[in-house]
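Everything on this sheet refers to the single structure shown next.
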Amino acid sequence: MRDPRYDILFQSQQIGPLTAKNRFYQVPHCNGGGYRDPSAAAAMRGIKAEGGWGVIFTEQTEMHHTSEITPFIELRLWEDQDIPSIAKMAEAMKTHGALAGIQLAYSGINGPNMYTKEVPLAPSALPIRTFTNDPVQARAMDKTDIKNLRRWFVNAARRSQMAGFDLICLYGAHGFGIFQHFLSRATNQRADEYGGSLENRSRFAREVIADMRDAVGDKMALTLRVSLDETIGDLGFSNAEVRDFIAMNAELPDLWDLAMGTWEDCSGPSRFKEEAAQEAWVQGIRELSPRPVVGVGRFTSPDVMVRMIRQGRLDFIGCARPSIADPFLPRKIDEGRIEDIRECIGCNICITGDMTQGMGRCTQNPTWMEEWRRGWHPEKIAAKGESDSVLVIGSGPAGLEAALGAARRGYRVAVAEAREVLGGRVARERALPGLAAWGRVADYRLYQLRQLGNVALYPASPLTAGEVLDFGFQHICVATGSHWRADGVARQHVTPISADTTMPVLTPDDLMQGRRPKGRVVVFDDDHYYMGGVMAELCAQQGCEVTLLTPSAFVSDWTANTLEQAAIHRRLVAMGVKIILNTGLAAIHTGAVETCCSYTDLRAQLDCDAVVMVASRRSEDALFHDLQARQADWADAGILSVKLIGDAAAPAPIAWATFAGHRYARALDAPDLGDALPFRREVTALASD
Ligand code: ADP
Ligand code: SF4
């Protein structure tokens with residue numbers, strides 16, 4: 001079953017007093033659920049256990065109330081009453097022989113304490129460093145504070161043990177954990193024995209680990225997650241210093257967990273970072289210590305994983321996103337089903353659950369965070385109900401996911417696609433700069449559909465309502481997508497922009513179809529996700545003189561939630577794109593556009609030869625409305641249902657479309673829920689007084 005080349009990935013490994021059954025190590029990752037949705041988060045980890053991971057971690061767990069990272073929702077272990085909810089997670093992790101890990105975080109200079117209202121404590125008195133630039137500063141810890149914090153770590157370790165965890169990861173990476181704050185000369189400017197030399201800056205980590213070993217070390221393993229390079233300039237904890245630190249403290253933790261720079265550096269999207277992007281930073285570290293090493297790099301290829309082990313870079317293959325996109329990744333490798341791996345596309349939508357305090361979503365795995373809420377399993381789906389056949393119209397992410405779910409349930413499925421190439425928007429967007437990996441959304445689903453005997457795929461088949469009625473399918477799934485509007489309607493303008501027709505105005509669809517603007521191009525971005533930045537990049541690549549104009553204060557504003565915003569800005573600047581922020585588009589004239597300040601009446605003229613309009617999209621729902629208009633004919637045609645899903649219902653990111661497709665497939669022949677909530681949730685129990 002298993003290809004012997006991959007045997008090495010399944011060798012058991014020692015971590016301190018424990019043995020991991022294989023080298024698949026799910027590093028801590030956020031999910032949006034956290035303490036607000038503990039059962040949903042626990043069930044999600046349980047699915048990973050079933051999927052074969054050897055080590056599974058929680059997300060960051062705030063271990064004391066004097067340091068929390070509101071508004072972001074992670075886990076909390078402040079007192080005994082927090083134990084049951086995290087114990088539920090530990091139990092779920094251990095169901096299939098995985099080791100259960102908890103990541104303890106004291107956020108220090110990263111914790112604004114908006115909920116607890118405590119004064120933040122950090123090695124040095126500096127402003128809190130968060131995504132949200134909170135107007136709060138930390139007080140420098142005195143010796144009593146340090147003593148207290150050591151005790152709080154021991155208390156948290158004991159509670160972690162009571163909750164049933166096997167490993168504790170001490171967070172000192174991504175700028176988020178106090179261990180890094182002590183190690184870095186940027187955040188530790190102390191003059192006492194905890195500051196100055198590397199030896200002194202290491203003292204806090206050494207003391208805490210020694211205390212914790214005394215308390216729980218014979219049964220639990222202690223790991224330390226450190227930054228491979230702080231990437232904040234000269235004062236930061238550099239890669240050379242990390243190596244000195246590890247050499248100096250070679251036997252300090254039971255395992256070294258290595259993670260690059262800031263979270264943005266570490267979880268780089270595929271647009272900016274390749275698989276195994278951290279290799280050069282990790283290379284050679286394993287030789288500095290007898291302890292095993294885990295590292296990450298959006299690993300989805302078992303061959304790359306094997307190379308990481310064989311070349312001595314890593315002992316464990318650390319994965320967050322690949323374990324979200326496919327919780328069954330280890331099992332699929334083990335069972336020789338490489339082609340069934342649902343590869344992460346590196347879009348970072350999974351991070352937006354945390355960043356928006358919403359709920360985690362994954363573009364590739366629509367069941368993520370719905371394991372408990374909706375009872376969705378990533379690999380299992382109920383057998384079909386009474387009816388038999390489904391016609392899916394449109395082969396974008398929504399249509400393909402709907403078709404795959406329905407086909408797996410046993411329905412006879414046909415997919416009709418107007419274009420010659422299947423895949424909908426991803427078939428086109430994958431050709432844009434940096435978005436090649438997004439094509440995996442279509443590749444995975446098309447491959448799976450082609451393995452099934454009950455599916456027929458019909459490219460180059462634009463359907464009309466009359467044809468749909470003639471075909472005789474019982475369920476009609478209209479997933480016909482959307483197109484970009486050229487009239488500028490989005491947020492600044494809710495009605496069309498005044499435009500002189502002599503000015504060429506192109507949409508992203510035009511550019512994806514091969515049309516190219518020439519000369520001086522204004523890309524107007526009132527969409528604020530990736531497309532505006534990508535269009536500017538594409539036009540600059542083609543030699544245009546590009547100005548990106550946006551009413552927002554940031555380029556590709558929403559991509560702050562996918563950790564790409566700074567990288568996009570940097571890339572555009574490097575390509576010579578002129579960026580005009582806080583400025584809208586008032587009117588389009590011949591040879592120029594009129595701009596307007598987002599805050600004042602200030603107007604200006606910007607000469608240009610073409611406009612690329614990245615505004616909003618219009619649903620392609622005409623076929624659905626045609627079918628609805630002929631509802632009287634449905635019964636004769638044998639039609640039981642006609643549904644509109646994905647971008648055709650309401651345009652949104654790709655993850656919304658795969659979710660809609662999956663939901664559609666699960667709902668076929670299911671009882672109508674009426675007015676009931678379509679998912680379970682946890683409601684806070686009222687205190688007795
Ligand atoms: P989503 O993101 O919702 O899946 P996409 O835009 O990616 O939407 O995909 C919709 C697909 O539907 C496109 O490839 C489009 O060509 C196709 N399509 C639109 N109208 C029809 C039609 N009448 N018949 C067949 N296919 C259609
Ligand atoms: Fe990968 Fe995107 Fe899924 Fe995150 S949301 S796991 S980046 S496919």
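The values are calculated or read from the model by the stated rules, or taken from the named source; none is laboratory data. This one's a predicted model, so the numbers in the text were calculated from it and none came from an experiment. Using ideal geometry, Cβ is built from the backbone for each residue, glycine included, and neighbour counts are taken over all protein chains shown. Just so you know, the surface numbers come from the protein's heavy atoms only, side chains and all, with ligands and any DNA or RNA stripped out. Shrake-Rupley method; radii C 1.70, N 1.55, O 1.52, S 1.80 Å.
Tell me, yes or no, whether the range 333-341 has at least one residue that is within 13 Å of ligand 2 (Cβ to nearest atom), touching an Asp or Glu at 6+ places or on another chain (Cβ under 9 Å) and in the same structural domain as residue 101 (by TED's automatic domain parsing). Show your work before the answer.
Step one: list which residues in the range 333-341 are within 13 Å of ligand 2 (Cβ to nearest atom), which gives 341.
Then keep just the ones that are touching an Asp or Glu at 6+ places or on another chain (Cβ under 9 Å); that gives 341.
Add one more test, that the residue is in the same structural domain as residue 101 (by TED's automatic domain parsing), and what stays is 341.
Yes, the range 333-341 contains a residue that is within 13 Å of ligand 2 (Cβ to nearest atom), touching an Asp or Glu at 6+ places or on another chain (Cβ under 9 Å) and in the same structural domain as residue 101 (by TED's automatic domain parsing).
Just to verify a result, which residue in the range 256-270, among those that are within 11 Å of ligand 2 (Cβ to nearest atom) and open to solvent by less than 10 Å² (accessible area, probe 1.4 Å), is modelled with the highest pLDDT? Spell out the reasoning first.
Taking the range 256-270 as the starting set, the residues that turn out to be within 11 Å of ligand 2 (Cβ to nearest atom) are 267-270.
Subsequent filtering for residues that are open to solvent by less than 10 Å² (accessible area, probe 1.4 Å) retains 268-269.
Details: 268: 88, 269: 93.
Among those residues, the one meeting the criterion is 269.
Scan the range 257-283 and report the pairs whose first residue is basic (Lys, Arg) and whose second residue is at pLDDT 85 or above, with Cβ atoms within less than 6 Å and a gap of 6+ or a chain change.
So the pair list comes out as 271/434.
Among residues belonging to the range 458-475 that are open to solvent by 40 Å² or more (accessible area, probe 1.4 Å) and not in a loop (DSSP other than H, G, I, E, B), point out the one that is farthest from ligand 1 (Cβ to nearest atom).
Among those residues, the one meeting the criterion is 470.
Taking residue 550 as the residue in question, decide whether it is within 27 Å of residue 426 (Cβ to Cβ) and among the hydroxyl-bearing types (Ser, Thr, Tyr).
Details: within 27 Å of residue 426 (Cβ to Cβ): yes; among the hydroxyl-bearing types (Ser, Thr, Tyr): yes.
The answer is yes for residue 550.
Would you check if there is a residue in the range 368-388 being assigned to a strand (DSSP E or B), open to solvent by less than 10 Å² (accessible area, probe 1.4 Å) and either among the hydroxyl-bearing types (Ser, Thr, Tyr) or at pLDDT below 95 (or both)?
Here is the first cut: in the range 368-388, the residues assigned to a strand (DSSP E or B) are none.
No, the range 368-388 contains no residue that is assigned to a strand (DSSP E or B), open to solvent by less than 10 Å² (accessible area, probe 1.4 Å) and either among the hydroxyl-bearing types (Ser, Thr, Tyr) or at pLDDT below 95 (or both).
For the range 393-422, name all the residues that are within 6 Å of ligand 1 (Cβ to nearest atom) and part of a loop (DSSP other than H, G, I, E, B). Give the steps one after another, and end with the answer.
Here is the first cut: in the range 393-422, the residues within 6 Å of ligand 1 (Cβ to nearest atom) are 393-399, 416-419.
Those that are within 6 Å of ligand 1 (Cβ to nearest atom) and part of a loop (DSSP other than H, G, I, E, B): 394, 395, 396, 417, 418, 419.
Right, residue 354: more than 19 Å from residue 54 (Cα to Cα), open to solvent by 10 Å² or more (accessible area, probe 1.4 Å) and of a type in the set (Asp, Glu) or not? Spell out the reasoning first.
Details: more than 19 Å from residue 54 (Cα to Cα): yes; open to solvent by 10 Å² or more (accessible area, probe 1.4 Å): no; of a type in the set (Asp, Glu): yes.
So residue 354 does not fit the description; no.
Can you name the strands (runs of 3 or more DSSP E) wholly within the range 1-64 that have at least 2 residues being over 17 Å from residue 327 (Cβ atoms) and under 19 Å from the mean Cα position of the chain (by Cα)? Steps first, please.
Values: elements: 13-15, 18-20, 24-26, 55-62.
Hits in the range 1-64: 55-62.
With the requirement that a residue be surrounded by fewer than 21 Cβ atoms within 10 Å (Cβ to Cβ) and touching a Leu at 6+ places or on another chain (Cβ under 7 Å), what does the range 119-142 give you?
Matches in the range 119-142: 137, 139.
So that you can scan it fast, the table gives a plain yes or no per residue for (1) within 16 Å of ligand 2 (Cβ to nearest atom); (2) buried (at least 24 other Cβ atoms within 10 Å of the Cβ):
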residue	(1), (2)
402	no, yes
406	no, yes
409	no, no
413	no, yes
421	no, no
428	no, no
437	yes, no
446	no, no
477	no, yes
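Which of the residues belonging to the range 389-400 are polar (S, T, N, Q) and either over 28 Å from the mean Cα position of the chain (by Cα) or open to solvent by 10 Å² or more (accessible area, probe 1.4 Å) (or both)? Spell out how you get there, then give the answer.
Step one: filter the range 389-400 for residues polar (S, T, N, Q), giving 389, 395.
Hit for the range 389-400 is 389, nothing else.
Give just the number: which of (1) within 30 Å of residue 350 (Cα to Cα); (2) more than 37 Å from the chain's Cα centre (by Cα) does residue 632 not satisfy?
Among (1) within 30 Å of residue 350 (Cα to Cα); (2) more than 37 Å from the chain's Cα centre (by Cα), residue 632 violates only (1).
Could you tell me which of the residues 670, 655, 649 is within 11 Å of ligand 1 (Cβ to nearest atom) and open to solvent by 20 Å² or more (accessible area, probe 1.4 Å)? Give the steps one after another, and end with the answer.
On the way: 670 fails: within 11 Å of ligand 1 (Cβ to nearest atom); 655 fails: open to solvent by 20 Å² or more (accessible area, probe 1.4 Å).
Result of the check over 670, 655, 649: 649.
If you check every pair at least six apart or on different chains, which have Cβ atoms under 8 Å apart with a residue in the range 366-377 that is closer than 12 Å to residue 350 by Cα first and a residue that is within 16 Å of ligand 1 (Cβ to nearest atom) and open to solvent by 20 Å² or more (accessible area, probe 1.4 Å) second?
Note: pairs meeting the criteria are 366/659; 366/663; 368/361; 369/361.
Determine whether the range 426-442 contains at least one residue that is within 13 Å of ligand 1 (Cβ to nearest atom) and not in a helix (DSSP H, G or I). Outline the logic, then answer.
Filtering the range 426-442 down to residues within 13 Å of ligand 1 (Cβ to nearest atom) leaves 426-430, 438-439, 441-442.
Among the residues that remain, those that are also not in a helix (DSSP H, G or I) are: 430.
Yes, the range 426-442 has at least one match.
Give all pairs with beta carbons closer than 7 Å in which a residue from the range 177-196 that is closer than 13 Å to residue 236 by Cβ and open to solvent by 40 Å² or more (accessible area, probe 1.4 Å) meets a residue that is of a type in the set (A, V, I, L, M) and in a loop (DSSP other than H, G, I, E, B); count only pairs at least 6 apart in sequence or on separate chains.
Hits for this filter: 185/235.
Which of (1) at positive phi; (2) more than 13 Å from ligand 2 (Cβ to nearest atom) is the odd one out, the single condition residue 369 does not satisfy?
Looking at each condition in turn, residue 369 falls short on (2).
Given 60, 81, 11, which one is touching an Asp or Glu at 6+ places or on another chain (Cβ under 6 Å), open to solvent by 10 Å² or more (accessible area, probe 1.4 Å) and either of a type outside the set (Asp, Glu) or closer than 30 Å to residue 147 by Cβ (or both)? Step through it out loud before you land on a result.
Values: 81 fails: touching an Asp or Glu at 6+ places or on another chain (Cβ under 6 Å); 11 fails: touching an Asp or Glu at 6+ places or on another chain (Cβ under 6 Å).
The unique qualifying residue is 60.
Return yes when residue 451 is more than 17 Å from residue 658 (Cα to Cα), without any contact (Cβ under 8 Å) to a residue 60 or more places away in the chain and of a type in the set (S, T, N, Q) and no when it is not. Don't jump to the end; show me each part of the working.
Details: more than 17 Å from residue 658 (Cα to Cα): yes; without any contact (Cβ under 8 Å) to a residue 60 or more places away in the chain: yes; of a type in the set (S, T, N, Q): yes.
The answer is yes for residue 451.
Can you report the number of residues in the range 659-689 which are farther than 15 Å from residue 381 by Cα, without any contact (Cβ under 8 Å) to a residue 24 or more places away in the chain and not in a loop (DSSP other than H, G, I, E, B)?
Here is the first cut: in the range 659-689, the ones farther than 15 Å from residue 381 by Cα are 660, 671-689.
Among the residues that remain, those that are also without any contact (Cβ under 8 Å) to a residue 24 or more places away in the chain are: 671-677, 683-689.
Narrowing the set further to residues that are not in a loop (DSSP other than H, G, I, E, B) leaves none.
Of the residues in the range 659-689, 0 are farther than 15 Å from residue 381 by Cα, without any contact (Cβ under 8 Å) to a residue 24 or more places away in the chain and not in a loop (DSSP other than H, G, I, E, B).
Scanning for something open to solvent by 10 Å² or more (accessible area, probe 1.4 Å), in contact (Cβ under 8 Å) with a residue 24 or more places away in the chain and aromatic (Phe, Trp, Tyr), does the range 23-37 turn up at least one residue? Explain how you work it out, then say what you get.
First, pick out the residues of the range 23-37 that are open to solvent by 10 Å² or more (accessible area, probe 1.4 Å): 23, 28-30, 35-37.
Okay, now just the ones that are also in contact (Cβ under 8 Å) with a residue 24 or more places away in the chain, so 23, 28-30, 35-37.
Going one step further and asking which of them are aromatic (Phe, Trp, Tyr), we end up with 35.
Looking through the range 23-37, at least one residue is open to solvent by 10 Å² or more (accessible area, probe 1.4 Å), in contact (Cβ under 8 Å) with a residue 24 or more places away in the chain and aromatic (Phe, Trp, Tyr).
For every residue, the table says whether it meets (1) out of contact with any Phe, Trp or Tyr (no Cβ under 8 Å at 6 or more places or on another chain); (2) farther than 20 Å from residue 396 by Cα; (3) within 16 Å of ligand 1 (Cβ to nearest atom).
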{"position": "309", "(1), (2), (3)": "yes, yes, no"}
{"position": "314", "(1), (2), (3)": "yes, yes, no"}
{"position": "319", "(1), (2), (3)": "no, yes, no"}
{"position": "329", "(1), (2), (3)": "no, yes, no"}
{"position": "335", "(1), (2), (3)": "yes, yes, no"}
{"position": "348", "(1), (2), (3)": "yes, no, no"}
{"position": "366", "(1), (2), (3)": "no, no, yes"}
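Sort out for me the strands (runs of 3 or more DSSP E) sitting completely within the range 545-658 that have 3 or more residues that are out of contact with any Pro (no Cβ under 7 Å at 6 or more places or on another chain).
Details: elements: 545-549, 578-580, 583-589, 592-597, 603-607, 610-614, 617-619, 641-644.
Those strands (runs of 3 or more DSSP E) span 545-549, 578-580, 583-589, 592-597, 603-607, 641-644.
With the structure loaded, tell me whether residue 344 is assigned to a loop (DSSP other than H, G, I, E, B), within 16 Å of ligand 2 (Cβ to nearest atom) and touching a strand residue (DSSP E or B) at 6+ places or on another chain (Cβ under 9 Å) or whether it fails that test. Walk me through how you get there before you give the answer.
Values: assigned to a loop (DSSP other than H, G, I, E, B): yes; within 16 Å of ligand 2 (Cβ to nearest atom): yes; touching a strand residue (DSSP E or B) at 6+ places or on another chain (Cβ under 9 Å): yes.
Against the criterion (assigned to a loop (DSSP other than H, G, I, E, B), within 16 Å of ligand 2 (Cβ to nearest atom) and touching a strand residue (DSSP E or B) at 6+ places or on another chain (Cβ under 9 Å)), residue 344 qualifies.
Can you give me the number of residues within the range 305-327 that are within 16 Å of ligand 2 (Cβ to nearest atom) and open to solvent by 10 Å² or more (accessible area, probe 1.4 Å)?
The first filter runs over the range 305-327 and keeps only residues within 16 Å of ligand 2 (Cβ to nearest atom), leaving 317-327.
From what is left, the residues that are open to solvent by 10 Å² or more (accessible area, probe 1.4 Å) are 320-321.
Summing the residues that are within 16 Å of ligand 2 (Cβ to nearest atom) and open to solvent by 10 Å² or more (accessible area, probe 1.4 Å) in the range 305-327 gives 2.
Take residues that are farther than 30 Å from residue 433 by Cβ and either away from ligand 1 (no atom under 16 Å from the Cβ) or aliphatic (A, V, I, L, M) (or both) and tell me which of the helices (runs of 4 or more DSSP H) falling wholly in the range 232-284 contain 3 or more. Spell out the reasoning first.
Details: elements: 239-248, 263-266, 279-282.
So the answer is 239-248.
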